[in-house]
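Here is the structure we will look at.
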Amino acid sequence: MEKSQIWLAFGALLFLLSASSTAADVVVLTEENFNEEVGQDRGALVEFYAPWCGHCQKVAPEYEKLAESFKKAKSVLIGKVDCDEHKSICSKYGVQGYPTIQWFPKGSLKPKKYEGQRTAESLTEFVNTEGGTNVKITAAPSSVVVLNTDNFDEVVLDETKDVLIEFYAPWCGHCKKLAPTYEKVATAFKREEDVIIANLDADKYGDLAEKYGVSGFPTLKFFPKGNKAGEEYTGDTDLDAFVAFINEKCGTNRDAKGQLTSKAGILPSLDPLVKEFVAASGDEKKSVFSKIEGEVRSLMVPRRAAKNCMEKDADYPKKEIERLQRMLGKSISPAKADEFTLKKNILSTYA
């Protein structure tokens, strides 16, 4: 288990959960504030969504990017309504599927349905047209670390990092085709402190490319913590293949979207003690808890989980898992999603 995952989970078990951890630039609309925010002195684009909706989850990053771009535009509001929690609003505006995106002109509660593509670029164009604004979409910074002669050794030869490098040429068609997928790989693992997804312009830095035996483009090489000579990556170049490779080689547990999988935070070595703890009762639980303390004295996460299960009622793990699952269905920050997923995974071993 990575140290960063341990501390994330530790934090999740120490702090209270908060439903307010939503994307900061998207205005959360409710039955209480809808009429105060919409139909007033600015136009409003409103997404009507459901937390469990796959299409809504897919559009969420694009909608957040849109909101970030318009946060300084005082004449436009970018908002959203959770239709599971606020059914009356969604019913009032004829919402029958998710997500439904509607534009409310300034001073009006008569919406115009958005029918375009659900990308930040298309949504921006629509809002500019309807709202009379001229906002440019905020370009997301790349998660790929750009290498050169000045930083190559510092990044790649760091014994505390696992590094995947794409050696590319700007004119290479295969490199251009790979670029979007490679960016998604970097984004998926950007929260893993020990994993670096990088690239090097082999045309510009030919000496480095030659040093590592690069003769064609793109060439992918993996430099794990224990082998700074590097080893060539020969697997498939689709996103799932890259993610599986990184997880296997680096001991991470991420999916293609960068979310932690159900394996994250689980310590197989504790399975026998956890089973013994679950089956025990009364003073026996205290005895098993002492054993768990001895095994994981430096890992506070499973220790705290066991203590909570011992001190609270028998339904605590199940109820807490259900609450965490509801939180994960909302629009929350990646950091919070990691915390909640790790806590849910650990508690599942006690359920």
**Q.** Single condition ALA24 does not satisfy, out of (1) in a helix (DSSP H, G or I); (2) at pLDDT below 95; (3) of a type in the set (Gly, Ala, Ser)
**A.** (1)
Q.
Given the condition over 29 Å from ASP236 (Cβ atoms), modelled with pLDDT under 95 and hydroxyl-bearing (Ser, Thr, Tyr), answer yes or no: does some residue in the stretch 134-146 qualify?
A. yes
Q: Could you check GLU166 against (1) under 30 Å from LYS190 (Cα atoms); (2) open to solvent by 70 Å² or more (accessible area, probe 1.4 Å); (3) of a type in the set (D, E, K, R) and say which number it fails?
A: (2)
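In the stretch 74-113, what residues are outside any strand (DSSP E or B), under 22 Å from GLU125 (Cα atoms) and open to solvent by 20 Å² or more (accessible area, probe 1.4 Å)? Write out each step before concluding.
Initially, the stretch 74-113 is screened for residues outside any strand (DSSP E or B), giving 74-75, 83-99, 105-111.
Narrowing further to those that are under 22 Å from GLU125 (Cα atoms): 74-75, 98-99, 105-111.
The answer is LYS74, SER75, TYR98, PRO105, LYS106, GLY107, SER108, LEU109, LYS110, PRO111.
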Q. Taking into account only those residues within the stretch 126-140 that are in a loop (DSSP other than H, G, I, E, B) and either assigned by the TED database to the domain that holds GLU62 or over 30 Å from ALA209 (Cβ atoms) (or both), which is most open to solvent (accessible area, probe 1.4 Å)?
A. LYS136
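State which residue is most open to solvent (accessible area, probe 1.4 Å) when the search covers only the stretch 229-265 and only residues that are assigned to a strand (DSSP E or B) and under 20 Å from THR160 (Cα atoms).
GLU232
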Q. List pairs: first in the stretch 147-172 and closer than 12 Å to LYS204 by Cβ, second open to solvent by less than 30 Å² (accessible area, probe 1.4 Å) and of a type in the set (Gly, Ala, Ser), Cβ under 7 Å, 6+ apart or cross-chain?
A. LEU147/ALA198; PHE167/ALA202; PHE167/ALA209; TYR168/ALA202; ALA169/ALA202
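Here is a check on your reading of the model: is ALA179 closer than 30 Å to ALA337 by Cβ and either assigned to a strand (DSSP E or B) or open to solvent by less than 10 Å² (accessible area, probe 1.4 Å) (or both)? Spell out the reasoning first.
Details: closer than 30 Å to ALA337 by Cβ: yes; either assigned to a strand (DSSP E or B) or open to solvent by less than 10 Å² (accessible area, probe 1.4 Å) (or both): no.
Taking the combined requirement at face value, the residue does not satisfy it.
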**Q.** Residue under evaluation GLY226, criteria (1) open to solvent by 30 Å² or more (accessible area, probe 1.4 Å); (2) among the small types (Gly, Ala, Ser); (3) in a helix (DSSP H, G or I); (4) farther than 17 Å from LEU239 by Cβ, criterion not met
**A.** (3)
Q: Quick one: in the stretch 43-73, of everything that is more than 20 Å from LYS330 (Cβ to Cβ) and either part of a strand (DSSP E or B) or open to solvent by less than 10 Å² (accessible area, probe 1.4 Å) (or both), which residue is modelled with the lowest pLDDT?
A: PHE70
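The values are calculated or read from the model by the stated rules, or taken from the named source; none is laboratory data. These numbers come from a predicted model, not from an experiment. A quick note on method: Cβ atoms are made from the backbone with ideal geometry, for glycine too, and the neighbour counts reach across all protein chains shown. Ligands, DNA and RNA are stripped out before the accessible areas are found, and what is left, the full protein with its side chains, is counted by its heavy atoms. Shrake-Rupley method; radii C 1.70, N 1.55, O 1.52, S 1.80 Å.
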